[in-house]
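Shown next, in structure tokens, is the structure this report addresses.
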Amino acid sequence: MREIEERRSIRKYVEQPVEEEKLQHVLSSARLAPTWGNHQGWKIIVVRDQAKREELGRLCNVEGAEYYPNAVGKSLGVVPIVLVACADPMKSGRMYGQDYYLVDVGIVMAHVMLSAREVGLGTCFIGIFDEPKVKELLNIPPNIRVVGMTPLGYPDRWPDARPRKELAEMVSVEEWQQPLR
């Protein structure tokens with residue numbers, strides 16, 4: 001539970017390489033994530049190339065995303081690795097209007113972020129970017145969706161915990177407005 005309590009969204013990194021065994025640890029934890037029907041229709045692209053990381057950072061600065069703190073986009077040129085999470089929507093389920101490839105990748109990224117924290121690495125989920133340009137940059141096939149990405153590296157600092165709502169504000173029992181006691 002320590003990794004869950006200590007995980008933070010890191011927006012600034014130091015220029016320090018990530019050891020291969022730590023990267024493998026993070027990627028191995030992603031591999032264990034549950035998916036719809038165990039189809040495992042996701043893929044992570046490990047981006048180390050400086051020019052590609054910088055371009056990914058620029059592609060996070062998209063029109064209509066003025067509220068998004070682009071500090072994390074700027075960090076992609078500094079951090080040694082960017083993980084880009086993709087999925088094939090046809091290898092996952094769709095029921096009642098819900099596309100489960102998004103859920104699958106969300107679970108994968110949760111595994112990535114928690115295992116990164118476990119080995120002293122920082123992450124920050126990025127979900128706003130110019131998907132067509134990211135796909136072009138990384139040669140991703142047209143049928144594949146880019147769901148998110150994260151920098152992976154050593155934080156400049158570990159921020160303090162942000163305020164969280166009380167559990168009773170976020171959990172109901174049996175139906176919507178039945179408070180947790």
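The values are calculated or read from the model by the stated rules, or taken from the named source; none is laboratory data. Everything numeric here is computed off the predicted structure, so don't read it as measured data. Please note: Cβ atoms are built from the backbone with ideal geometry, for glycine as well, and neighbour counts cover all protein chains shown.
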Just give me the residues in region 56-98 being modelled with pLDDT of 90 or more, within 15 Å of the chain's Cα centre (by Cα) and either in a loop (DSSP other than H, G, I, E, B) or acidic (Asp, Glu) (or both), in sequence order. VAL79
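So that you can scan it fast, the table gives a plain yes or no per residue for (1) more than 27 Å from LEU32 (Cβ to Cβ); (2) acidic (Asp, Glu); (3) in contact with a strand residue (DSSP E or B) (Cβ under 8 Å, 6 or more places away or on another chain):
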site	(1), (2), (3)
GLY97	yes, no, no
VAL112	no, no, yes
PHE125	no, no, yes
PHE129	no, no, yes
PRO132	yes, no, no
ARG157	yes, no, no
VAL173	yes, no, yes
TRP176	yes, no, no
PRO179	yes, no, yes
Failed item, numbered, when ALA168 is tested on (1) free of Cβ contacts under 8 Å to residues at least 24 places away in the same chain; (2) closer than 26 Å to THR35 by Cα: (2)
Residue hits (region 1-40; assigned to a loop (DSSP other than H, G, I, E, B), in contact with a Leu (Cβ under 8 Å, 6 or more places away or on another chain) and modelled with pLDDT under 95) are ARG7
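Condition first: touching a Cys at 6+ places or on another chain (Cβ under 8 Å) and either assigned to a helix (DSSP H, G or I) or at pLDDT 90 or above (or both). Can you find one or more residues in region 44-55 that meet it?
Going through region 44-55, the residues touching a Cys at 6+ places or on another chain (Cβ under 8 Å) turn out to be 44-45.
Now restrict to residues that are either assigned to a helix (DSSP H, G or I) or at pLDDT 90 or above (or both): 44-45.
Among the residues of region 44-55, at least one is touching a Cys at 6+ places or on another chain (Cβ under 8 Å) and either assigned to a helix (DSSP H, G or I) or at pLDDT 90 or above (or both), which makes the answer yes.
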Across region 161-181, which residue is farthest from ILE10 (Cα to Cα) among those that are outside any loop (DSSP other than H, G, I, E, B) and in contact with a Pro (Cβ under 8 Å, 6 or more places away or on another chain)? SER172
Cβ-Cβ under 7 Å pairs, at least 6 apart or on other chains, region 29-50 side touching a residue at least 40 places away in the same chain (Cβ under 8 Å) and more than 14 Å from VAL103 (Cβ to Cβ), far side surrounded by 12 or more Cβ atoms within 10 Å (Cβ to Cβ) and charged (D, E, K, R): VAL47/ARG53
In region 165-181, the residues that are touching a Leu at 6+ places or on another chain (Cβ under 8 Å) and at pLDDT below 85: LEU167, ALA168, LEU180
Residues that are outside any helix (DSSP H, G or I), in contact with a Lys or Arg (Cβ under 9 Å, 6 or more places away or on another chain) and either on the phi > 0 side of the Ramachandran plot or of a type outside the set (S, T, N, Q) (or both), drawn from region 112-129: VAL119, GLY120, LEU121, GLY122, CYS124
Inside region 102-133, the number of residues satisfying the requirement of being aliphatic (A, V, I, L, M) and surrounded by 20 or more Cβ atoms within 10 Å (Cβ to Cβ) is 8
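Applying the selection to region 16-63, what residues are among the polar types (S, T, N, Q) and closer than 19 Å to ASP130 by Cα?
Answer for region 16-63, where residues must be among the polar types (S, T, N, Q) and closer than 19 Å to ASP130 by Cα: GLN50, ASN61.
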